[in-house]
Amino acid sequence: MHVTHLSLADFRSYARVEVPLDPGVSVFVGANGQGKTNLVEAVGYLASLGSHRVASDAPLVRMGAERAVIRAAVTQGERQQLVELELNPGRANRARVNRSSQVRPRDVLGIVRTVLFAPEDLALVKGDPGERRRFLDELITARSPRMAGVRSDYERVLKQRNTLLKSAAMARRHGGRSMDMSTLDVWDQHLAQVGAELLAQRLDLIATLQPMTDKAYEQLAPGGGPVLLEYRSSVGEGVGVGQSREELYGRLIAALADARKQEIERGVTLVGPHRDDLVLKLGQLPAKGYASHGESWSYALSLRLASYDLLRSEGNEPVLVLDDVFAELDARRRERLAELVAPGEQVLVTAAVDDDVPGVLAGARYVVSGGEVARV
C-alpha cells in the first residue's frame, strides 16, 4: 500500500498544497518550522484519526480558517481509493471515500496504514502508562479497524460510570441521599463487557509482538537484550494470554466489586484497561528508570519496527514515516535503522538537514520552505 497523492487545504501551515508521491523513499528537507512534519502528520491522521503531536484537532486547522481538509489517493495492489477527511473543531468531522461516498470518519480506518517513528517515541519508554496504552490501542486498531468502535464504546461507558461515581462521592460528602447502586451495577456490566474485548486484544497483541520486538532490538543493538513486554493489569495478577473474554469479563466484574467502596470515596473508576500498563523490561529490569538514553531509543525503535513487521505480515504493508528521527540518533543506530526500513514499499522521511539522512535511503527529494513543497 502506498499514497500516490497528498492534498491539504487549511491544514496547519498550508493554505493549500498538492504533493505527488511515488513508491519507495521520499525525503522532505526543510528548516524547523517550515512545515515538513505537517505533511507526514496529515498522512498519519488518515491512518489513526489522530495526531502524534497534539491531542485535539483545533491546532491542525490553519489560523483564521474554519476547517481543514486532508485528501489522499491510495493504491493497494490493483485497487485505488481516494479518502478525504474534513476536520471541524468543535463539531463533527466528516469523511468521504471516492468523492461520493460519505461515511463516518472511523470507517476510513484501514484504507491508509502507517507506522510512524518520531522523537516523541522516547515517551514509550520514559513516559507515563498512557503513552504505552495509546501505542497498544492504535496498533490494535490498525490491525482491526472495528476496534475503533470498541475503544469509543469503552470511553463512553467509562465517562458515564465516572459521572455516577462522582455524584455518589459528592452525595456522601454532603450527607445526601445514597445513590441507587443498581444503576452502577448496570454500568459495571457494560464496562466489563467492552473492557474484556479490549483487554483480550491487547494481550493477544503483546504475545504476537514480543518475539518481533526482541528480534528488532537485537538488530539495532546486538547483544543488548533480551527485551520483555509484560502486561500489568489493574484487575490484578493472573491476567494473561489464552484467557477467554468470559473469563476476563468475570475478572473485571469481581475487581470492580472489590474496588467499589474506594471508587465511591474518590469518585472515579479505578479498575479497567484505562488503568493498565505495558511494562517494558530490558533483561530483568524495567527499561523506565534503568535503561540508558541509547538503550531507551533502541527500545522505542524496536517497538515501531516490530509494529511494521506485524502489519506487513498480515498482508497490507503500511507506509513507514520517519519524522526528524535521524537527528536524534547516534551514527550507528542511524545506519542500522535506515538499512532496516529502506526496503519498505513507501518510506516518508523528514529532516532539517539532508546530511542527516543515511545514503541508503536514496529516493525522491523535496524541499519544504515557506508553505511550498518542491521536488528537486
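The values are calculated or read from the model by the stated rules, or taken from the named source; none is laboratory data. Only a predicted model underlies this, so the values are computations on that prediction, with no experimental measurement involved. Cβ: placed from backbone, ideal geometry, glycine included. Neighbour counts: every protein chain shown. For the accessible areas, the whole protein counts, side chains as well, though only heavy atoms, and no ligand, DNA or RNA atoms are used. Shrake-Rupley method; radii C 1.70, N 1.55, O 1.52, S 1.80 Å.
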Exception for Gln80 within (1) of a type outside the set (Lys, Arg); (2) outside any strand (DSSP E or B); (3) under 27 Å from Glu345 (Cβ atoms) falls at (2)
In region 282-292, anything open to solvent by 60 Å² or more (accessible area, probe 1.4 Å) and within 22 Å of the chain's Cα centre (by Cα) is listed as Lys288
Among the residues of region 299-316, the number that are buried (at least 19 other Cβ atoms within 10 Å of the Cβ) and either over 15 Å from Gly344 (Cβ atoms) or of a type in the set (Val, Ile, Thr) (or both) is 4
From the option list Ser296, Ser233, single residue qualifying as open to solvent by less than 30 Å² (accessible area, probe 1.4 Å) and free of Cβ contacts under 8 Å to residues at least 60 places away in the same chain is Ser233
Within region 88-117, of all residues that are of a type in the set (Lys, Arg) and surrounded by 16 or more Cβ atoms within 10 Å (Cβ to Cβ), the one modelled with the lowest pLDDT is Arg106
Residue pairs qualifying under the 6 Å Cβ cut-off, at least six apart or on distinct chains, with the first in region 250-264 being under 13 Å from Trp187 (Cβ atoms) and the second being part of a helix (DSSP H, G or I) and among the charged types (D, E, K, R), are Leu256/Asp188
Of the residues in region 267-279, those that are surrounded by fewer than 19 Cβ atoms within 10 Å (Cβ to Cβ) and assigned to a strand (DSSP E or B) come to Asp277, Val279
